[in-house]
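Report on one structure; see the data block that follows.
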Amino acid sequence: MPFSTFTREEHEMLFRHVGYARDFDKSLQQRIFKRARMMREYSATEAGRESLRKILPLKNKRNHVLMFKGQSTRTASTFIASILNLGGNAVPLGWDASSMVKGEMVPAMVRTLYAAGYSSLIIRYDDNDRDVIAEAISTCEEFGLDFFIVNAGLANREHPTQMLLDIFTAEERFREKLLGENLRIICAGDLAYSRTIQSLAVGLQEYKPKISFVSQPEILIPKWVKKELNAANIHFSEIHEPLENIIGDLKADICYMTRLQTNLRKDWGRNPAADEKLQRDFLLYSGMTGKTAAKAPATTLFMHPKPSGPEWPEWFEKDPRNISVEQIVNGLHIRKALYYERFAGDDDIEIELGRIMPVTFHSAGGDVVATTAAEIRAICSHDTCAAVKLRQSDEWGKIKPAERALLRHKPFMFCPEHRPTLPTK
Ligand SMILES: [Zn+2]
């Protein structure tokens, strides 16, 4: 996978923070997906993992802090793992353990963490009372802090990194359909309170998918989402029928499910009888029942941002159409890609990575030598030739074209095969 050719300035113009789903247009998403594939490729070998561990230390961006108001297993753990994989330290600082409970304001917290030497702040905020992401980002802009603010879930509105990993997962499974503007997706579940579904609907707009929102009549997709979809000319429908009755006919590529967002519902717990009815209908209208599983086509894949509730029974975990574990793995690569893009999308990292990139050298005499890009002295000037010369010998041999594509900082020479013949007179 070739490295980026963007300059540092272009990178900074692309994005400085992970704020909102709508900040990631299709072209920025595609850049991040490309980088995520590179992260996946590097993560697959020990040599690649070693390269990745140099990235944050090399840029002197070692320390990163998480502040979560609200629970999280997957988001927090994959952010932490991503930062560790890139050689940084991730410090989880619970909201309740910070001075925020003593009334400290977000701008003061941001300035404190920046002064303490942290390079990024990953925030989750589950309450609906304020937009802490906007407060944190405007503090960085106002005080000129090179501090990366990352939205890891904001109230019932926004979850941009989940959106990126969800669209990436869809693209890895249905590239032609997604890019060909033919993806059919069902969004089922708590449409009113699911920030993952809302961010997904926003992020998918430029791919022109066909969306079916499926829920009980009491749970409706918010008006602001419908307004955005209408403005983008997206074909969507709202269906209030039990999922098991319609899943066979809809022939969707993806059925995206969520749990009832009891933690984000303001009125939850006030009326137990009403809660029980809501939960019962929820299972019927947007849950995985035995009938749903039986009637869903073999080609319909099921996604869930997790955690799941009774709508996603344990027995479904083993169904081959369940791709929720792929979402978690992709989330790791997407989060690494975001940190890479923000801090290391420029040339010096490329050279550094190139120096330790493993290559396999096939000598003209038939020897196969496992070595690294550091040992390569020169590459053939011919565009499509993958011949290289090693440092220690004068011998020419071949590497893979994909390896050759990464060596952009080596001296060029003509290999014997492509050496121009000099005029004989
Ligand atoms: Zn050549």
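Scan the stretch 383-392 for residues that are within 14 Å of the ligand (Cβ to nearest atom) and touching a residue at least 24 places away in the same chain (Cβ under 8 Å) and report the count.
Residues of the stretch 383-392 within 14 Å of the ligand (Cβ to nearest atom): 383-389.
Subset that is touching a residue at least 24 places away in the same chain (Cβ under 8 Å): 385, 387-389.
Summing the residues that are within 14 Å of the ligand (Cβ to nearest atom) and touching a residue at least 24 places away in the same chain (Cβ under 8 Å) in the stretch 383-392 gives 4.
Scanning for something over 25 Å from the mean Cα position of the chain (by Cα), surrounded by fewer than 19 Cβ atoms within 10 Å (Cβ to Cβ) and of a type in the set (A, V, I, L, M, F, W, C), does the stretch 224-238 turn up at least one residue?
Yes, the stretch 224-238 contains at least one residue that is over 25 Å from the mean Cα position of the chain (by Cα), surrounded by fewer than 19 Cβ atoms within 10 Å (Cβ to Cβ) and of a type in the set (A, V, I, L, M, F, W, C).
In the stretch 49-59, what count of residues is obtained for those that are open to solvent by 40 Å² or more (accessible area, probe 1.4 Å), without any contact (Cβ under 8 Å) to a residue 40 or more places away in the chain and touching a Gly at 6+ places or on another chain (Cβ under 8 Å)? Walk me through it before giving the result.
Here is the first cut: in the stretch 49-59, the residues open to solvent by 40 Å² or more (accessible area, probe 1.4 Å) are 49-50, 53-54, 58-59.
Filter once more, so that each one left must be without any contact (Cβ under 8 Å) to a residue 40 or more places away in the chain: 49, 53.
Filter once more, so that each one left must be touching a Gly at 6+ places or on another chain (Cβ under 8 Å): 53.
So the answer is 1.
Among what's in the stretch 393-410 and is loosely packed, with under 15 Cβ neighbours inside 10 Å, under 24 Å from residue 48 (Cα atoms) and not small (Gly, Ala, Ser), pick the residue that is nearest to the ligand (Cβ to nearest atom).
Looking only at the stretch 393-410, we keep the residues that are loosely packed, with under 15 Cβ neighbours inside 10 Å, and these are 393-395, 400-402, 405, 408-409.
Now drop any that are not under 24 Å from residue 48 (Cα atoms), which leaves 400-402, 405, 408-409.
The next check asks that each one be not small (Gly, Ala, Ser); those that pass are 400-401, 408-409.
On the way: 400: 14, 401: 12, 408: 16, 409: 18 Å.
Filtering the stretch 393-410 for residues that are loosely packed, with under 15 Cβ neighbours inside 10 Å, under 24 Å from residue 48 (Cα atoms) and not small (Gly, Ala, Ser), the one nearest to the ligand (Cβ to nearest atom) comes out as 401.
Search the stretch 224-248 for residues that are in a loop (DSSP other than H, G, I, E, B) and pair each with any residue that is open to solvent by 50 Å² or more (accessible area, probe 1.4 Å) when their beta-carbon atoms are under 7 Å apart and the residues are at least 6 apart or on different chains.
234/208; 240/217; 242/284
When the residues of the stretch 355-373 are filtered to those that are in contact with a helix residue (DSSP H, G or I) (Cβ under 8 Å, 6 or more places away or on another chain) and open to solvent by 30 Å² or more (accessible area, probe 1.4 Å), which remaining residue is nearest to the ligand (Cβ to nearest atom)?
Checked the stretch 355-373; the qualifying residue nearest to the ligand (Cβ to nearest atom) is 360.
If only one of 258, 262 is open to solvent by 10 Å² or more (accessible area, probe 1.4 Å), among the β-branched types (Val, Ile, Thr) and within 23 Å of residue 162 (Cα to Cα), which one is it? Walk me through how you get there before you give the answer.
Numbers: 258 fails: open to solvent by 10 Å² or more (accessible area, probe 1.4 Å).
Answer to the check: 262.
Within the stretch 194-213, work out how many residues are in a loop (DSSP other than H, G, I, E, B) and surrounded by fewer than 24 Cβ atoms within 10 Å (Cβ to Cβ). Spell out the reasoning first.
Going through the stretch 194-213, the residues in a loop (DSSP other than H, G, I, E, B) turn out to be 194, 204, 208-209.
The next check asks that each one be surrounded by fewer than 24 Cβ atoms within 10 Å (Cβ to Cβ); those that pass are 208.
Selection size over the stretch 194-213: 1.
Output the qualifying pairs, or none if there are none: Cβ atoms under 6 angstrom, residues six or more apart or on different chains, first residue in the stretch 206-221 and touching a residue at least 24 places away in the same chain (Cβ under 8 Å) and of a type outside the set (A, V, I, L, M, F, W, C), second residue in a loop (DSSP other than H, G, I, E, B) and crowded, with 17+ Cβ neighbours inside 10 Å.
These pairs meet every condition: 209/183; 215/191.
Please go through the stretch 60-111 and give me each residue that is open to solvent by 10 Å² or more (accessible area, probe 1.4 Å), under 30 Å from residue 42 (Cβ atoms) and assigned to a loop (DSSP other than H, G, I, E, B), ordered by number.
Listed by number, the residues that qualify are 60, 61, 62, 72, 73, 87, 93.
Which of the following residues is surrounded by fewer than 22 Cβ atoms within 10 Å (Cβ to Cβ) and under 23 Å from the mean Cα position of the chain (by Cα): 272, 313, 297, 307? Spell out how you get there, then give the answer.
Values: 272 fails: under 23 Å from the mean Cα position of the chain (by Cα); 313 fails: under 23 Å from the mean Cα position of the chain (by Cα); 297 fails: under 23 Å from the mean Cα position of the chain (by Cα).
Just one listed residue meets the conditions, 307.
The values are calculated or read from the model by the stated rules, or taken from the named source; none is laboratory data. No experiment lies behind these values; they were computed from the predicted model shown. Cβ: placed from backbone, ideal geometry, glycine included. Neighbour counts: every protein chain shown. The area values use the complete protein model at the heavy-atom level, side chains included, leaving out ligands, DNA and RNA. Shrake-Rupley method; radii C 1.70, N 1.55, O 1.52, S 1.80 Å.
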